[in-house]
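**Q** For reference, the structure I am asking about is given below.
The values are calculated or read from the model by the stated rules, or taken from the named source; none is laboratory data. On a predicted model such as this, the values are computed, not experimentally measured, just so you know. Heads up, the Cβs are rebuilt from the backbone with ideal geometry, glycines too, and the neighbour counts pull from every protein chain shown.
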Ligand code: AMP
């Protein structure tokens, strides 16, 4: 079987993110490119677009924190800045879109994320899998 050339690893920056990227590394071979994506969900999504207050300051702060966190995470896992992607939107949609743009041949996600084990499979993992035009690996998180 041909090796993967271009792997997109989706991380929610929770503690489990290291297991997700470690698994991707095990699959990667010499010459395989690893890209990292983290998606920030706009506050307006949680409030159905109808926000009674101006949350733009908080949104900017969330963006700055996520950016710093992603940078730290990427550095500790040896992913160069050009392969770090911070996007705004719905995680599964943005992960799919970036995978298209990069022509990734594998998307790696965790089976569960911050939303925990309450769901059989995390909603993001599910969403990515359902619309997938490429291989998807859901790294088993938890017991
Ligand atoms: P969840 O849907 O929260 O259970 O998360 C399952 C997996 O989807 C996580 O382990 C990540 O691989 C990915 N994921 C969840 N949220 C994000 C996010 N905001 N940005 C990038 N990947 C995410």
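**Q** Could you grab me the full set of residues in region 30-41 that are in contact (Cβ under 8 Å) with a residue 40 or more places away in the chain and more than 15 Å from the chain's Cα centre (by Cα)?
**A** 33
This table checks each residue for (1) surrounded by 12 or more Cβ atoms within 10 Å (Cβ to Cβ); (2) more than 11 Å from the ligand (Cβ to nearest atom); (3) part of a loop (DSSP other than H, G, I, E, B).
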site: 37; (1), (2), (3): yes, no, no
site: 54; (1), (2), (3): no, yes, yes
site: 58; (1), (2), (3): no, yes, no
site: 68; (1), (2), (3): no, yes, no
site: 82; (1), (2), (3): no, yes, no
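**Q** Let me ask something additional. Determine whether residue 84 is within 12 Å of the chain's Cα centre (by Cα), more than 21 Å from residue 123 (Cα to Cα) and touching a residue at least 12 places away in the same chain (Cβ under 8 Å). Show your work before the answer.
**A** Details: within 12 Å of the chain's Cα centre (by Cα): yes; more than 21 Å from residue 123 (Cα to Cα): yes; touching a residue at least 12 places away in the same chain (Cβ under 8 Å): yes.
Taking the combined requirement at face value, the residue satisfies it.
**Q** Just to be sure I understand the filter: pairs with C-beta atoms under 7 Å, separated by 6 or more residues or on different chains, first member in region 105-129 and more than 14 Å from residue 11 (Cβ to Cβ), second member at pLDDT below 60 and within 6 Å of the ligand (Cβ to nearest atom). Which pairs pass?
**A** From residues that are more than 14 Å from residue 11 (Cβ to Cβ), the pairs are 123/115.
**Q** Report yes if residue 76 is surrounded by fewer than 18 Cβ atoms within 10 Å (Cβ to Cβ), in contact with a strand residue (DSSP E or B) (Cβ under 7 Å, 6 or more places away or on another chain) and at pLDDT 95 or above, otherwise no.
**A** No.
**Q** If you don't mind, there's one more thing I want to ask. Return the pair list, or none, for Cβ contacts closer than 7 Å from residues in region 50-76 that are under 17 Å from residue 35 (Cβ atoms) to residues that are modelled with pLDDT of 80 or more and in a helix (DSSP H, G or I), at least 6 apart or on different chains.
**A** Pairs that qualify, where the first residue is under 17 Å from residue 35 (Cβ atoms) and the partner is modelled with pLDDT of 80 or more and in a helix (DSSP H, G or I), are 73/17.
**Q** Being farther than 18 Å from residue 22 by Cα and within 14 Å of the ligand (Cβ to nearest atom) is the filter here; which residues of region 129-143 pass it?
**A** Answer for region 129-143, where residues must be farther than 18 Å from residue 22 by Cα and within 14 Å of the ligand (Cβ to nearest atom): 129, 130, 131, 132.
**Q** Ok, one more. Which residue is surrounded by the most Cβ atoms within 10 Å (Cβ to Cβ), if the candidates are limited to region 90-119 and must be part of a loop (DSSP other than H, G, I, E, B) and at pLDDT below 95?
**A** This residue is 112.
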